[in-house]
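Enquirer: Structure provided below as structure tokens; questions to follow.
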Amino acid sequence: MSEHSELLKLMEERYSVRSYSGRPVEDGKLELILRAGLCAPTAVNRRPQRVFVLRSRKALEKASEVTRFTFGAPVILLVCSDTDAGRTTDDGQYLGTVDASIATTQMMLEAWELGIGSCWVRGFDRKKVSEAFDLPDNLLPEAMLPMGYPSEDSEPSQMHFRGIPMSRMVTYL
Ligand SMILES: Cc1cc2nc3c(=O)[nH]c(=O)nc-3n(C[C@H](O)[C@H](O)[C@H](O)COP(=O)(O)O)c2cc1C
């Protein structure tokens, strides 16, 4: 097997983009990104991921009222889980958050593949987000994904380089 699969290369190169150019995200690319979220595996195939595409001026303004992490992105995906659809395990863990997170990860990676940067954002108050976007009670805000073409001076933050060694992550038994 080759040392670097294309996917691993992409995942190792991706970084959180926090500075965007003015170039709009094309509808066709957005569609591909959303498809990546649609095909994500979910617990018992319940598919509780729900995505709001914030791209009108009004919606983007609302987003910047509830989080400081919008970075002037032209599009923000607000990813929610539907608590009516999400599975809860026998020992009480609600898996909708996990499912929505897998969908978010897949969208982030597909975006990067298309040359579009993004940044996973959880720096918001769920209640404020629900109020701002008038979400029904069963929709739980899980993540925001500001996205767009990186600006010319976009670069990874210092945090990007702070990894852990493989030995800390992995235990062979
Ligand atoms: C669950 C989660 C929540 C995050 N929340 C924020 C956030 O609110 N604001 C932000 O700027 N970055 C946020 N990030 C991005 C992380 O800071 C970033 O992924 C990490 O520092 C590694 O950097 P990299 O993505 O450039 O490799 C979040 C990432 C994850 C996975």
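The values are calculated or read from the model by the stated rules, or taken from the named source; none is laboratory data. All of these numbers come straight from a predicted model, not from anything done at the bench. Every residue, glycine among them, receives a Cβ derived from its backbone with ideal geometry; neighbour counts consider all protein chains shown.
Enquirer: Can you name every one of the helices (runs of 4 or more DSSP H) wholly within region 1-67 that holds 2 or more residues which are among the acidic types (Asp, Glu), out of contact with any Pro (no Cβ under 7 Å at 6 or more places or on another chain) and more than 16 Å from the ligand (Cβ to nearest atom)?
Expert: Ranges flagged: 27-38.
Enquirer: Taking helices (runs of 4 or more DSSP H) that do not extend beyond region 74-173, which have at least 1 residues that are small (Gly, Ala, Ser) and farther than 25 Å from Pro41 by Cβ?
Expert: Values: elements: 96-113, 126-132, 166-169.
Counting at least 1 such residues, we get 126-132, 166-169.
Enquirer: On to the next question. Using the structure shown, decide if Arg122 is within 16 Å of the ligand (Cβ to nearest atom), at pLDDT 95 or above and touching a strand residue (DSSP E or B) at 6+ places or on another chain (Cβ under 9 Å).
Expert: So Arg122 passes the test.
Enquirer: Report every pair of residues separated by at least 6 positions or lying on different chains whose Cβ atoms are under 8 Å apart, first residue within region 1-27 and modelled with pLDDT of 95 or more, second in a helix (DSSP H, G or I) and away from the ligand (no atom under 14 Å from the Cβ).
Expert: Leu10/Glu113
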